[in-house]
Every structure is written in C-alpha cells, then in structure tokens.
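The values are calculated or read from the model by the stated rules, or taken from the named source; none is laboratory data. In this text the structure is predicted, and so the values were computed from the model without any measurement. Cβ placement follows ideal geometry from the backbone for every residue including glycine, while neighbour counts extend to all protein chains displayed.
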There are 2 protein chains.
Amino acid sequence: MAKIYIEVIPSAGSAKTTNFVNKLAIIIDVLRATSTMVTALANGCKAIVPVHTPEEALEKRLLLPGTLLGGERQAQRLAGFDFGNSPFDYVPEKVGGKRVIMTTTNGTRAIMACREAAYICMASFLNLQSIVEAVQQKFSENSEMEGLVIICAGTNDRFDLPDTLCAGMLIDALGPECVLNDLGIAARMLYKSNENCLTETVLGTNHGQRLISLGFKEDIIHCTTSNILPIVPILIEDEIIWLTEEMVW
Amino acid sequence: MAKIYIEVIPSAGSAKTTNFVNKLAIIIDVLRATSTMVTALANGCKAIVPVHTPEEALEKRLLLPGTLLGGERQAQRLAGFDFGNSPFDYVPEKVGGKRVIMTTTNGTRAIMACREAAYICMASFLNLQSIVEAVQQKFSENSEMEGLVIICAGTNDRFDLPDTLCAGMLIDALGPECVLNDLGIAARMLYKSNENCLTETVLGTNHGQRLISLGFKEDIIHCTTSNILPIVPILIEDEIIWLTEEMVW
C-alpha cells in the first residue's frame, strides 16, 4: 500500500485550522462519545444525529418525532434527555430501530468541526480493527485521497491521553509506512508503551479520574476494551450510521 | 517536599487561556530558542531581551545602543540581524558582555504569553538539572506557590515532540509526588520510553527533519545534550538573565 499521510490533532478546537479537503477524518472520543455511538449502533440504533447544543437537540426533536435525545454536559445527563453519555444507557430495548439526537461537550463538537472532509467516521477502542480495515480500503481504492486526519476530541480543547492512546493504536495497526506529524509519532509511542495496560492507564488519566468520581468506572472498563464491535460508523447527510457491505460510501 | 501541581501546555497559543497567578512558569523550546538562550548566557551574554516581532527588535535597538539582534523566521536569520537562532552563532567573542534582543517564531512568543506568572524561567536539555533544583527550591521556600506551568513552545501552535520530551525529563526528575495533567502524564511516558535515544528521536521529529534539511543537524545534536550548562535563565524586568547565588529571585 502507498504511504498514508496522517495528521493527529489534539482537540475539537484545533480542527478549526485544519485542512480536511480530500481527506478522511476519523474522530476519537474514547470517554465517551464515540465509544457510546459505536455501542448504540451495535445495539440496533438506526442513526445518531450529532448536534452542537442541547437547545438544538430539543428543536431538532420537534422535526423528527419519535427520536430520542442523548448526551451530556459536565459528564451528566441533560434535563429532559432520554440518555446521558454512558454506553450502558443505550441498551437494545431502548435504542433498537430508533434515531438518537446527541450532543456532548467534546465529541459531537469534533464531528461538526471536520465536515469539510471527504469521508468521516468514528473510532474507539471497541471498533478499532474495523476502522483500520476501512482506512486501508479507502486509501487503496481511491488514489485521490490526500491524507488521514485523526481528531482526538480532547477535553475542553486540551490534550486527552485516552483519545491519543486510541489514535496511537490505529496508527500502529496501519503499519510502518505512515508519514506522521509529531503528535502522531507521540501517539504511537504512547500506545506502544501502554498496550498491555490500556485500561489501567486510562483509569489514571484526568478524565478517567473524573468519571470514577462520578460513578462511571465501569464505563471506562467498557470503553477501553479493544475490538469487540465490528462496526464502522460513518457520517452521511448529518447522520451517523453503521456502514454495511452493500452500501456505497 | 509537598506535592507540586504541574500543568503542561502544548504551545504558545494555549498559554492565552492558562491561569499563571501564583505559579512558576517554565518555557521550553528545545529547537532552538531556549537552548540558544542558555548557550548564549553560558558564553557570557549579559542579558537577552525577548520581543514579539522583528520590527519591535529593530525599534528596541534604537533605545539600547550597542545591543545585538538575534532570532529567526522560518528557521532563518533575519535581514539586518547579527545572529540567527543557532546556538553556535552565540560565541563568547560575539556575545561576551553584550545584550541580545531576540525574536523567534515560537519561543519568545511563549515567554511573552506567561508574563502573569510569579516566576518565569527557561529550560532546555542543556540546563535541565539546574532547572530541577531551582523548582525544588522555589516550592520548598515559598508555600504560596500554587503550581508549576510548563509551556512547550510548540511549532506554530502545534504539539512539538522535542519540547514534550524535555518537559517529561523535568517531570521525571521532580519525582513521583507531582500531580499532572494528561499532557504531563504523556510527557513523562514519552521521556521514559526515549531516555536512551533522545537525540535519535528528536532527529526524526517534524521540526528535527526540517532543521536537518536546512543544514542544522549539529544544532539538534547540541540541543539534545543533557545537563552540560548549569544555568537558570530567569525573566526579570523584561530581560532574561543568569540567576546567580547572590541574587534575590
């Protein structure tokens, strides 16, 4: 395979100054937005509609009757919403066959920030290997692709170690032919020195400690489990859906 | 010693949203501003005056006759300036007993961005151990100190691996009692997995590769040599000077 030029960016805010034209964008928000989206889709959710604000979510529901609302501010469920941002909220009985409008502090903002990209998909540890295969396929079948941008959603526009570790795992799996920016080099090094203790390391991060203090330790354990959900969530026409084999992407 | 709260920030731009009140700020620009400042002071330079722009540097020289001008844009010496940003430019014959007004793309900008800090000093691999001792002394003698902010100057407001490795070396030397943000945790991990190959790793970074292409490989080798200059450069009244034992800081 030809070389893939990869730029890792540390937060949703940094996406503003990034060039996404003719690129594949992958958004990572391990704790917890993209992990939760992957889990929801695996549990039968029909589509996730990312929006910027809670107000926008409430307005959008008026236009899409029967849709559920999910998301958080300060890691907590919003008033009037059906779900918070815990993957365990999105059980099959509740999300099966339904659309969920979702707004989170960092994850959905990162998704909205890279709309200029040619292709957009969502990664987490849960579905990492499926994303690797999707990237390899996209770059082998489309010679117009100019690069891959991995957007770590970050935490309030600051560097977030869990997202960076997941970016590093993706880069490592893509192989040695990748051309990386410094954050990509660092992400791969960080992954390699933590690959046998990912959960433990993530529990010790700032975001990990905060979620533990709020009672979400089980969420972290789930969100740091690798390759259990073979799903590629892609953004198409303002909705995140599960890419199936018969679809044209 | 009591716990030290350490925040590592990735670039001069991020310093804008950082609280520096009652904190010690340490600026790191391995390639090459802070390494060059340390080298210049070791070679007898009386003081370095950091300024934002080349124009400001030229204006300031009119007010300070006999002062030299140093710095870079695009890693190259500026027209009408006495020195570029290479540490090898600042030899004793030229800088001995002189003031140098200096402007660089990232390093001097980072210094100007943390002026609210209670104390400000400049670190590099060259003088790392002296900085460690200065930090330990400051926090043991002053119980009002609320924390340490390590500003990696970065490259055009992006994450820079050489600066982050140096931040990691500083954190590692300060011991296990430090309370770290995620970038601090990552910096220490990155340092630990590269401590025996710092020069090689820095040569492979984006900034390293760029300097090599411009003919500055020897600069990188110098700038990644640890603990050869026992100097603590501090910012006092708009000038960077060598902190000596008889001085009150």
Response to the item:
Output for Cβ contacts, cut-off 8 Å, separation at least six or different chains, first residue more than 7 Å from chain B (Cβ to nearest Cβ) and on the phi < 0 side of the Ramachandran plot in region A:189-203, second assigned to a helix (DSSP H, G or I) and surrounded by fewer than 17 Cβ atoms within 10 Å (Cβ to Cβ), reads A:Thr199/A:Ile221; A:Leu203/A:Gln209; A:Leu203/A:Ile212; A:Leu203/A:Lys217
Worksheet entry | Residue ID - surrounded by the fewest Cβ atoms within 10 Å (Cβ to Cβ), chosen from residues in region B:14-27 that are under 21 Å from B:Leu174 (Cα atoms) and either in contact with a Gly (Cβ under 8 Å, 6 or more places away or on another chain) or not aliphatic (A, V, I, L, M) (or both) | B:Asn22
Worksheet item: Filter region B:150-177 for residues that are touching a residue at least 24 places away in the same chain (Cβ under 8 Å), within 13 Å of another protein chain (Cβ to nearest Cβ) and surrounded by fewer than 23 Cβ atoms within 10 Å (Cβ to Cβ); which is farthest from B:Ile111 (Cα to Cα)?
Response: B:Arg158
Discussion item. Exactly one of these conditions fails for B:Ile120: (1) modelled with pLDDT under 95; (2) on the phi < 0 side of the Ramachandran plot. Give me its number.
Written reply: (1)
Item to complete: Tell me which residues, restricted to region A:19-40, are at negative phi, out of contact with any helix residue (DSSP H, G or I) (no Cβ under 8 Å at 6 or more places or on another chain) and either part of a loop (DSSP other than H, G, I, E, B) or within 14 Å of chain B (Cβ to nearest Cβ) (or both).
Response: A:Asn19, A:Phe20, A:Val21
Discussion item. Just the residues that are part of a helix (DSSP H, G or I) and without any contact (Cβ under 8 Å) to a residue 24 or more places away in the chain, please, taken from region A:41-79.
Written reply: A:Glu55, A:Leu58, A:Glu59, A:Leu62, A:Leu63
Worksheet entry | Top-ranked residue of region A:204-238 - restricted to ones that are in contact (Cβ under 8 Å) with a residue 24 or more places away in the chain and of a type in the set (Gly, Ala, Ser), ranked as farthest from the other protein chains (Cβ to nearest Cβ) | A:Ser226
Item to complete: Just name the residue that is nearest to A:Pro50 (Cα to Cα) out of those in region A:1-18 that are out of contact with any helix residue (DSSP H, G or I) (no Cβ under 9 Å at 6 or more places or on another chain) and within 14 Å of chain B (Cβ to nearest Cβ).
Response: A:Thr17
Practice prompt. Working only within region A:80-103, note down all residues that are outside any loop (DSSP other than H, G, I, E, B) and either surrounded by fewer than 16 Cβ atoms within 10 Å (Cβ to Cβ) or modelled with pLDDT under 95 (or both).
Written response: A:Phe88, A:Pro92, A:Glu93
Discussion item. Return the residues of region B:104-136 that are outside any helix (DSSP H, G or I) and touching a Gly at 6+ places or on another chain (Cβ under 8 Å); say none if nothing qualifies.
Written reply: B:Thr104, B:Asn106
Discussion item. Just to check your reading of the model, which residue among A:Val30, A:Val51 is closer than 30 Å to A:Gly175 by Cα and crowded, with 16+ Cβ neighbours inside 10 Å?
Written reply: A:Val30
Discussion item. Testing A:Ala110 on (1) at pLDDT below 95; (2) over 19 Å from A:Leu165 (Cα atoms), one condition comes back false. Which one is that?
Written reply: (2)
